[in-house]
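Structure first, commentary second.
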Amino acid sequence: MKIDTPAWAMRRVEVEDYGAARDSHLRGALQIKWPDLRELRAWSKRQGWPTPRFGFEAAFLAKLFDSQTNFAQAIGESGIELTIPRREYTLSTERLTELDALYEARSSSGRPVGWGGLVEELREIRRAVEAGVVIQVEGGPTMQSWQEFYSWAHGQYHMLEDGADKWIGDDR
């Protein structure tokens, strides 16, 4: 099951992002918005690129990443849109306040009511870190690995591990 990186952690590829896009593709972090495939096939054929009946998308990507020239041409002309993880993202104080409010929210009987939403938000942060986005918590740590994310999340929201039905490390 492929898990997508959240939209806020992604950015659109520009022509000069050839190396970063290729690396993201190899890591499985590249997101692709395909144009109409019939039109893309016709475009590819006009360029002399392979247009196999089966496996066209894989052949297209192989040719696209074959050289910086092919990459620039495809990004500029073919209609394909690629997004890759941002290099870094700052988790603002305002956003932390919202997350803290989900953690603290209780029903009239004292039971947590915001933990499901909080777990989903934390999963998005975890997925961004796993995709290679360096997350700087405003006024706090920098997270570059799953372990750093987990240390921060567990320290910030320690009761979730024992009290939430779902956990931030589980995408099922």
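A few comments on the model shown:
- For residue 104, the conditions (1) in contact with a Pro (Cβ under 9 Å, 6 or more places away or on another chain); (2) more than 23 Å from residue 9 (Cα to Cα); (3) buried (at least 17 other Cβ atoms within 10 Å of the Cβ) are fulfilled apart from (3).
- In summary, helices (runs of 4 or more DSSP H) completely within segment 1-105 and bearing 3 or more residues that are outside the structural domain of residue 123 (by TED's automatic domain parsing) occur at 18-27, 37-47, 56-64, 68-77.
- Among the candidates 89, 18, residue that is surrounded by 12 or more Cβ atoms within 10 Å (Cβ to Cβ), within 28 Å of residue 157 (Cβ to Cβ) and touching a Phe, Trp or Tyr at 6+ places or on another chain (Cβ under 8 Å): 89
- For segment 21-34, residues that are surrounded by 13 or more Cβ atoms within 10 Å (Cβ to Cβ) and within 11 Å of the chain's Cα centre (by Cα) total 4.
- Some residue of segment 153-164 being among the aromatic types (Phe, Trp, Tyr), part of a loop (DSSP other than H, G, I, E, B), modelled with pLDDT of 90 or more and not assigned by TED's automatic domain parsing to the domain that holds residue 24: yes
The values are calculated or read from the model by the stated rules, or taken from the named source; none is laboratory data. Small disclaimer: the values here were computed from a predicted structure and weren't measured. Heads up, the Cβs are rebuilt from the backbone with ideal geometry, glycines too, and the neighbour counts pull from every protein chain shown.
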